1. Just Lys423, Lys30, Lys266 to compare: in a GNM of the chain, with alpha carbon springs under 10 Å, which one fluctuates most?
2. Ranked by Cβ crowding within 10 angstrom, fewest neighbours first, how are Cys96, Cys227 ordered?
3. How would Ser18, Ser292, Ser336 line up from fewest to most surrounding beta-carbon atoms within 10 angstrom?
4. Restricting to DSSP H runs of at least four residues, report the calculated mean residue ellipticity at 222 nm for the chain, -39500 (n - 2.57) per run over all residues, nearest 500 deg cm²/dmol.
5. GNM on the chain, C-alpha springs below 10 Å: top fluctuator among Ala273, Ala167, Ala149?
6. In a GNM of the chain with a 10 Å cut-off on Cα contacts, which of Asp126, Asp365, Asp253 has the highest mean-square fluctuation?
7. Scan the chain and hand back the longest stretch that contains none of the GluC sites (Glu not before Pro) lying in DSSP loops with at most 16 other Cβ atoms within 10 Å.
8. Give or take rounding to whole Å, what are the principal axis extents of the alpha carbon atoms in the chain, in descending order?
Amino acid sequence: MQKADNQQQEYLQNIGISELNQMQLETAAKIKDRNDLILLSPTGSGKTLAFLLPLIERLDRNNEQVQLLILAPSRELALQIEQVFRQLKTGFKVNCCYGGHSIQTERNSLKHPPAVLIGTPGRIADHIRRERFSLSSLRFLVLDEFDKALDLGFQIDMKEIIRELSALKQRVLTSATNLNEVPGFVGLNKPLTLDYIKDQAPIKGLKLKGVRSEGKDKLDAFFRLVCQLGNEPMLVFVNHRDAADRISNHLKDMNLVHDVFHGGMKQEDRERALIKFRNGSHHLLITTDLASRGLDIPEIKYVIHYHLPSKEDAYIHRNGRTARMNADGTVYLLMSEAEPLPDYISETLAFEAIGEYRELPEEPDWVTLYIANGKKDKVNKIDIVGLLLKKGKLQKDDLGLIDVLDHSAFVAVKSEKVDKVLKTLKGEKIKGKKLKMGISK
């Protein structure tokens with residue numbers, strides 16, 4: 001037992017955490033007891049680590065087949081879980097499969113099966129259908145954000161997947177909101193429920209405010225609110241993709257730096273939008289509920305409900321993006337003149353007057369550079385840092401976050417240094433290949 005504790009301490013050190021919280025400790029204990037488990041815990045409380053650590057302990061290092069399958073309702077959440085797993089540096093192979101990713105790359109990876117397979121229901125169902133990996137050793141199943149993963153839109157794929165998992169020994173379901181009833185096809189066996197949301201106190205540091213717009217069209221009031229809030233990280237939630245695009249077109253006309261994130265976009269465009277939001281190249285992201293769960297977007301100062309969701313669970317997930325980790329945050333409800341508050345909001349809502357303030361927020365300090373070389377070209381962060389500091393003549397403080405993908409990389413550079421570094425590096429090479437670099441769209 002001491003050995004396992006030491007190993008876990010090493011994993012935590014790798015990810016920069018000194019100790020687990022109460023929820024994570026209790027979850028680990030129940031999973032080690034081999035119980036089927038339903039874990040309900042707020043957004044940002046560390047559910048991914050809570051289920052990964054005890055399940056890693058139960059993996060067999062001598063088994064060369066898939067042992068743990070983790071299903072997530074969105075590509076971004078699947079990728080986020082993969083990132084956490086890789087940061088732990090366990091020595092176990094992991095693969096992530098999702099729509100919009102190269103099917104050929106996934107097929108090649110599955111020829112040498114990972115111990116841990118993470119993915120979205122549609123893509124995993126397709127691989128199982130085509131028998132691209134063995135299910136004989138698959139003992140553990142995790143359904144992350146299970147209330148969404150078991151939605152009607154996913155049920156056909158989920159049924160098909162779970163029906164094939166005859167060797168399963170343990171099922172773990174996690175979310176920040178509950179389902180009234182888990183479908184029978186999930187096959188839960190006398191599950192324990194750990195409920196950390198039932199008696200959840202109001203989020204410390206979270207303020208709730210209302211803003212009224214004149215008439216039904218909220219665009220003008222929204223623009224004035226954003227100008228008033230300034231250059232702070234904010235997520236703006238809408239109920240439909242076309243609304244996100246319509247608002248974006250208006251903000252483009254007003255020359256306000258922002259980006260859009262929704263399920264109708266190409267995967268590469270979604271990835272780019274998140275990268276630029278995380279690295280500070282823009283501070284305003286207009287999104288559907290796709291961004292309300294599981295994404296690694298720290299330190300959101302403001303959440304704005306341009307549209308209020310029809311269901312309380314969506315409202316909870318949206319608000320969970322701010323006032324995290326003891327930080328302060330404000331949620332704004334943008335409402336038309338006659339729009340009533342939904343029944344699920346019981347708090348007294350203080351309405352804030354917004355004036356005719358129309359001065360655009362300051363331009364972001366960072367600009368994202370795109371490099372047309374990535375992991376598949378043997379390019380890593382160290383290569384990029386070396387190139388930009390030595391040959392690009394930048395200082396360390398001029399460099400922000402660096403994201404290296406399979407076939408590309410994105411680097412945040414101080415905005416006043418961008419033109420100079422592009423000119424300086426023209427004609428250079430990286431890993432023996434001609435450097436193709438420019439400002440990211």
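Every read-out reported here was derived from the displayed coordinates using simple, explicitly stated rules and does not represent laboratory data. Only a predicted model underlies this, so the values are computations on that prediction, with no experimental measurement involved. Methodologically, a virtual Cβ is constructed for each residue, glycine included, from the backbone with ideal geometry; neighbour enumeration extends over all protein chains shown.
1. Per the Cα network of the chain with a 10 Å cutoff, Lys423 tops the list.
2. Details: Cys96 25, Cys227 18.
Fewest-to-most ranking of Cys96, Cys227: Cys227, Cys96.
3. Details: Ser18 7, Ser292 25, Ser336 13.
Listed from fewest to most nearby Cβ atoms, that is Ser18, Ser336, Ser292.
4. Details: 14 runs with 138 residues, N = 441.
So the helix-based figure for the chain works out to -9000 deg cm²/dmol.
5. Ala167
6. Among Asp126, Asp365, Asp253, the largest mean-square fluctuation in the Gaussian network model of the chain belongs to Asp253.
7. Numbers: sites that count: Glu19, Glu64, Glu131, Glu181, Glu214, Glu299, Glu337, Glu347, Glu352, Glu356, Glu359, Glu362, Glu428.
For GluC sites (Glu not before Pro) (loop position, at most 16 other Cβ atoms within 10 Å), the longest site-free span of the chain is 215-298.
8. Per principal axis, max minus min of the Cα coordinates gives 63, 61, 42 Å.
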